[in-house]
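Note sheet for the following structure.
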Amino acid sequence: MVNKVILIGRLGKDPVIKHFSNDNAIAEFTVATSDNYKNKEGQWVDVTDWHNVKLPFKRQAEYAEKYLKKGGQVFIEGKIRTRSYDDKDGNKRYITEVVAETVRSLEKRDSGGGGGYSEGGNSSYNTSSADTQNSAPAQQHPVEDDLPF
């Protein structure tokens with residue numbers, strides 16, 4: 001069985017960073033993806049989907065805080081998780097989110113320092129299995145343009 005999701009979209013807002021007393025942090029934000037189709041009248045219809053994204057490790061959160069900004073284009077690879085909670089009225093609610101394993105800013109850095117981080121084109125943060133145990137330092141490294149566009 002496989003639980004894998006890949007998104008390329010734009011951030012709906014700056015990441016929200018939550019710090020915890022155990023020196024951990026997470027980042028949360030939304031990503032918009034779009035698609036289109038022809039309706040029965042032959043007109044193109046644009047559809048936008050919003051995805052909740054969570055970066056569950058301190059180094060990922062630090063990366064997001066530094067390099068991801070509202071409107072910026074991002075590549076996300078991770079797993080879909082659904083969790084539940086009870087609201088204030090006692091009703092069970094569900095939230096579906098992407099728990100990112102890899103996050104990559106697709107923004108080019110301009111000479112004015114705006115946009116996203118770019119060294120050799122793009123920057124990424126990959127979560128290794130050791131990282132999930134918080135026992136190894138995270139890796140942040142430049143990557144080549146390996147996306148199919």
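Can you confirm whether ARG10 is closer than 18 Å to PHE75 by Cα, in contact with a Ser or Thr (Cβ under 9 Å, 6 or more places away or on another chain), at pLDDT below 95 and surrounded by fewer than 19 Cβ atoms within 10 Å (Cβ to Cβ)?
Details: closer than 18 Å to PHE75 by Cα: yes; in contact with a Ser or Thr (Cβ under 9 Å, 6 or more places away or on another chain): yes; at pLDDT below 95: no; surrounded by fewer than 19 Cβ atoms within 10 Å (Cβ to Cβ): yes.
Against the criterion (closer than 18 Å to PHE75 by Cα, in contact with a Ser or Thr (Cβ under 9 Å, 6 or more places away or on another chain), at pLDDT below 95 and surrounded by fewer than 19 Cβ atoms within 10 Å (Cβ to Cβ)), ARG10 does not qualify.
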The stretch 68-117, subset more than 17 Å from the chain's Cα centre (by Cα), polar (S, T, N, Q) and more than 20 Å from ASN3 (Cβ to Cβ), residue modelled with the lowest pLDDT: SER111
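Name the residues in the stretch 38-86 that are among the small types (Gly, Ala, Ser), farther than 18 Å from PHE20 by Cβ and touching a strand residue (DSSP E or B) at 6+ places or on another chain (Cβ under 8 Å), would you?
Kept after step one, since they are among the small types (Gly, Ala, Ser), are these residues of the stretch 38-86: 42, 61, 64, 71-72, 78, 84.
Filter once more, so that each one left must be farther than 18 Å from PHE20 by Cβ: 42, 71-72, 78, 84.
Matches in the stretch 38-86: GLY71, GLY72, GLY78, SER84.
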Cβ pairs under 6 Å, 6+ apart, first in the stretch 17-38 and surrounded by 10 or more Cβ atoms within 10 Å (Cβ to Cβ), second among the hydroxyl-bearing types (Ser, Thr, Tyr): ALA32/THR48; SER34/THR48
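The values are calculated or read from the model by the stated rules, or taken from the named source; none is laboratory data. Small disclaimer: the values here were computed from a predicted structure and weren't measured. Glycine gets a Cβ as well: all are built from the backbone with ideal geometry, and neighbour counts include every protein chain shown.
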